[in-house]
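A quick write-up on the structure given underneath.
The values are calculated or read from the model by the stated rules, or taken from the named source; none is laboratory data. The model shown is predicted, which means the values in this text are computed figures rather than measured ones. Because the Cβ atoms are built from the backbone with ideal geometry, glycine has one as well, and the counts that use them run over all protein chains shown.
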Amino acid sequence: MLGSRLLPLVLATAAFAAGVSGLPGLALWIGLLTVPVAAAAAFVAVSDLLEGRSSHLRAVSCGVALALVVVASAARSTAPTGASASPLATWALLLALVAYAVPLVAWVIQPARVPREARSRRRLRPAEVDELLSRAA
């Protein structure tokens with residue numbers, strides 16, 4: 001569950017929404033909860049890449065998003081009590097959301113690959129050609 005692709009995105013979105021809506025305490029706690037989940041997703045993406053099961057784009061975007069979530073949490077946690085958080089926290093979370101969305105956008109943009117079936121190309125005998133032509137008529 002911690003290596004999920006969707007969980008860090010949902011938590012980062014919730015932290016961003018809480019921060020924008022004026023709930024700095026909730027945004028801080030959700031942001032702090034997002035850090036280990038984002039780290040787990042980044043570690044899973046890198047391990048999948050090392051095993052050859054994933055793309056470079058997913059591993060890089062998860063790593064960048066992890067760094068941005070850590071920056072956002074650090075900026076939000078050092079804000080004075082009762083004061084609003086630094087704009088750095090909001091921008092870092094917004095950029096983390098963009099980083100999480102990059103593989104999805106790349107997947108949508110890439111052309112669909114239709115696998116071709118390997119067919120043997122044997123020549124038809126004259127009797128088979130006559131039979132096919134008689135069925136078509």
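Of all residues in the range 97-112, at least one satisfies being touching a residue at least 24 places away in the same chain (Cβ under 8 Å), within 20 Å of the chain's Cα centre (by Cα) and closer than 14 Å to A15 by Cα. Tell me whether the range 13-33 contains one or more residues that are part of a helix (DSSP H, G or I), closer than 23 Å to V105 by Cβ, at pLDDT below 90 and under 11 Å from the mean Cα position of the chain (by Cα). No: the range 13-33 contains no residue that is part of a helix (DSSP H, G or I), closer than 23 Å to V105 by Cβ, at pLDDT below 90 and under 11 Å from the mean Cα position of the chain (by Cα).
Close Cβ contacts (under 8 Å, 6 or more residues apart or on different chains) running from residues in the range 80-95 that are of a type in the set (D, E) to residues that are part of a loop (DSSP other than H, G, I, E, B) and at pLDDT below 80 are absent. For the residues A85, A79, A89, the requirement of being in a helix (DSSP H, G or I) and either in contact with a Phe, Trp or Tyr (Cβ under 9 Å, 6 or more places away or on another chain) or hydrophobic (A, V, I, L, M, F, W, C) (or both) singles out A89. Residues in the range 11-33 that are surrounded by 14 or more Cβ atoms within 10 Å (Cβ to Cβ) and of a type in the set (V, I, T): 2 in all. Remark: pairs (first residue in the range 32-44, farther than 10 Å from A67 by Cα; second residue surrounded by 18 or more Cβ atoms within 10 Å (Cβ to Cβ) and among the hydroxyl-bearing types (S, T, Y); Cβ separation under 7 Å; 6+ apart in sequence or on different chains) = L32/S73.
Each row is one residue, and each column tells you yes or no for (1) aromatic (F, W, Y); (2) modelled with pLDDT of 85 or more; (3) surrounded by 10 or more Cβ atoms within 10 Å (Cβ to Cβ).
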residue	(1), (2), (3)
L104	no, no, yes
Q110	no, no, no
V114	no, no, no
A118	no, no, no
R121	no, no, no
S134	no, yes, no
